[in-house]
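Working notes for the structure below.
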């Protein structure tokens, strides 16, 4: 039987796969980890006709998009901001299906309300008239500056997301090819520096640069390429999945299984077996062991090489290399359910603290737990009342903190104290009787990221998104040594965030399809 080049398995304008799939007959693939990246990759492989097994360590899929149900409240672990819905819809279109079969997306407006200690509010959205009015309240002269910034954002969106977001960087030459366009966009500058060149208001500078924190990046250091997020949100909007982000996860898993995919939930992978430069078998905690033609990991990148590939030269060597890299901070999250409803508190709020740059330096550079903090407040019930019992509200308050490699404290001792400080601040600024209204609450600390997700040093976003840790400098979508082993998720190109890890799945799937087709039918 003749083989079919992967290029002949084409995707139509709607995203549907067509062409001769004979090259994949009998081929089997395994994806380790059912986070967004792993789910997206598994769907792409199964849509192409490759028998794919998805393995998840925890009792539910989702990875960082885990969830809890307590006292009638639904608490999403995160992420909670859905942008670029088309990158998700394409996962269904690949096989001629509609995402609406499994997931209902709801518009969120405003995208975010930003609030400062002096009481100033700023509603950020893609409604231009309203947005210009909000900017004018801070500084009328910055309306024109913002328009110039948006033009810049459109440019880096084209270069950094449309052209490069789904392209694997497997060698340094590919990086050099991209360098001129990135240099033209002054990629070496930070997001904050670039924003500051367009607008004068310090509050507006914060409003236009905080987004990098949502993918683990310091606005003062993360490449200006990440200004593309503004164009992404302006065009695609900000969305919520009815029932929670967990319903998007459940819908992706349902679609994967509808296509014939196999999932193993609650059975952690403990070892990847190799022979020479070839990955051969996957072994789980239960003793289950299977051979595959191709294996991809959506697990934490350090855990993958240090633990799953332990004892192999490649695993030991790359784990040593990774240990020298900079990992993004962790998070401290307080989940709480309240009596009452709060129509005046929008879905997403940023409660800025009294400092911006100094606070970021404490978290990213000094590794201390500051007395002050900025809070991302998530209030899903204002959009979707189903997240709480009738007449009640679901919230979480998230604070970035240094990872455990920089901040070595006893979170069992510090956690309850920090939780109270955070709730006190939310009460002071928004809900005065918050402690009297609490029905249920719990917190999630860096040690939980480490324990539950095998996250290196409790990092919430894997490798820090620095220019020197991006594209080719990040984990490669296909391993350099183990020829049939691949990466997907936050630790590989292009990075964290739902569009980022779904983009990584597209890049990795392309490589896997090409490699499996080249080997011909089993």
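The values are calculated or read from the model by the stated rules, or taken from the named source; none is laboratory data. Every value quoted in this text rests on a predicted model; they were computed, and no experiment measured them. Glycine gets a Cβ as well: all are built from the backbone with ideal geometry, and neighbour counts include every protein chain shown.
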Return a yes/no flag: does segment 405-418 have any residue that is in contact (Cβ under 8 Å) with a residue 12 or more places away in the chain, closer than 27 Å to residue 108 by Cβ, touching a helix residue (DSSP H, G or I) at 6+ places or on another chain (Cβ under 8 Å) and not in a loop (DSSP other than H, G, I, E, B). no
For the structure I just gave you, tell me whether residue 23 is at pLDDT below 95, more than 16 Å from residue 261 (Cα to Cα) and touching a helix residue (DSSP H, G or I) at 6+ places or on another chain (Cβ under 8 Å). yes
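Quick check, is residue 267 part of a loop (DSSP other than H, G, I, E, B) and out of contact with any helix residue (DSSP H, G or I) (no Cβ under 7 Å at 6 or more places or on another chain)? Steps first, answer last, please.
Working: part of a loop (DSSP other than H, G, I, E, B): yes; out of contact with any helix residue (DSSP H, G or I) (no Cβ under 7 Å at 6 or more places or on another chain): yes.
It is true that residue 267 is part of a loop (DSSP other than H, G, I, E, B) and out of contact with any helix residue (DSSP H, G or I) (no Cβ under 7 Å at 6 or more places or on another chain).
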Reported set for segment 470-508 where residues are closer than 18 Å to residue 278 by Cα and either outside the structural domain of residue 282 (by TED's automatic domain parsing) or assigned to a helix (DSSP H, G or I) (or both) is 508
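Conditions tested, residue by residue: (1) at pLDDT 95 or above; (2) within 21 Å of residue 321 (Cα to Cα); (3) surrounded by 18 or more Cβ atoms within 10 Å (Cβ to Cβ).
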| site | (1), (2), (3) |
| --- | --- |
| 429 | yes, no, no |
| 443 | yes, no, yes |
| 449 | yes, no, yes |
| 475 | no, yes, yes |
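Look at residue 166 and say whether it is without any contact (Cβ under 8 Å) to a residue 24 or more places away in the chain and either closer than 29 Å to residue 92 by Cα or assigned by TED's automatic domain parsing to the domain that holds residue 469 (or both).
On the way: without any contact (Cβ under 8 Å) to a residue 24 or more places away in the chain: no; either closer than 29 Å to residue 92 by Cα or assigned by TED's automatic domain parsing to the domain that holds residue 469 (or both): yes.
No.
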Say whether the condition of being at pLDDT 95 or above, in contact with a strand residue (DSSP E or B) (Cβ under 8 Å, 6 or more places away or on another chain) and part of a helix (DSSP H, G or I) is met by at least one residue in segment 110-119. no
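Okay, residues lined up against (1) touching a strand residue (DSSP E or B) at 6+ places or on another chain (Cβ under 8 Å); (2) assigned to a loop (DSSP other than H, G, I, E, B); (3) over 19 Å from residue 114 (Cα atoms); (4) free of Cβ contacts under 8 Å to residues at least 12 places away in the same chain:
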position	(1), (2), (3), (4)
153	no, no, yes, no
161	no, no, yes, no
174	no, no, yes, no
179	no, no, yes, yes
188	yes, yes, yes, no
194	no, no, yes, no
199	no, yes, no, no
225	no, no, yes, no
230	no, no, no, no
Restricting to strands (runs of 3 or more DSSP E) lying wholly in segment 29-84: which have 2 or more residues that are more than 18 Å from the chain's Cα centre (by Cα) and within 21 Å of residue 307 (Cβ to Cβ)? 51-56
Output for segment 297-321, where each listed residue is under 26 Å from the mean Cα position of the chain (by Cα), over 14 Å from residue 474 (Cβ atoms) and in a helix (DSSP H, G or I): 303, 306, 307, 308, 315, 319, 320
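For residue 122, are the conditions met, namely being touching a residue at least 24 places away in the same chain (Cβ under 8 Å), part of a helix (DSSP H, G or I) and more than 16 Å from residue 222 (Cα to Cα)? Steps first, answer last, please.
Details: touching a residue at least 24 places away in the same chain (Cβ under 8 Å): yes; part of a helix (DSSP H, G or I): no; more than 16 Å from residue 222 (Cα to Cα): yes.
Criteria not met by residue 122.
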Only residues that are more than 19 Å from residue 462 (Cβ to Cβ) and at pLDDT 95 or above: list them for segment 211-233, please. 220
Among (1) crowded, with 21+ Cβ neighbours inside 10 Å; (2) assigned to a loop (DSSP other than H, G, I, E, B), where does residue 243 come up short? (1)
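What is the residue count in segment 51-73 for residues that are farther than 20 Å from residue 283 by Cα, crowded, with 21+ Cβ neighbours inside 10 Å and touching a helix residue (DSSP H, G or I) at 6+ places or on another chain (Cβ under 6 Å)? Spell out the reasoning first.
First, the residues of segment 51-73 that are farther than 20 Å from residue 283 by Cα: 62, 64-73.
Restricting the remaining residues to those that are crowded, with 21+ Cβ neighbours inside 10 Å gives 62, 64-66, 73.
Of the ones still in play, those that are also touching a helix residue (DSSP H, G or I) at 6+ places or on another chain (Cβ under 6 Å) are 62, 65.
The qualifying residues number 2.
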Out of all the residues in segment 380-394, which are surrounded by fewer than 21 Cβ atoms within 10 Å (Cβ to Cβ) and farther than 14 Å from residue 106 by Cβ? 389, 390, 391, 392
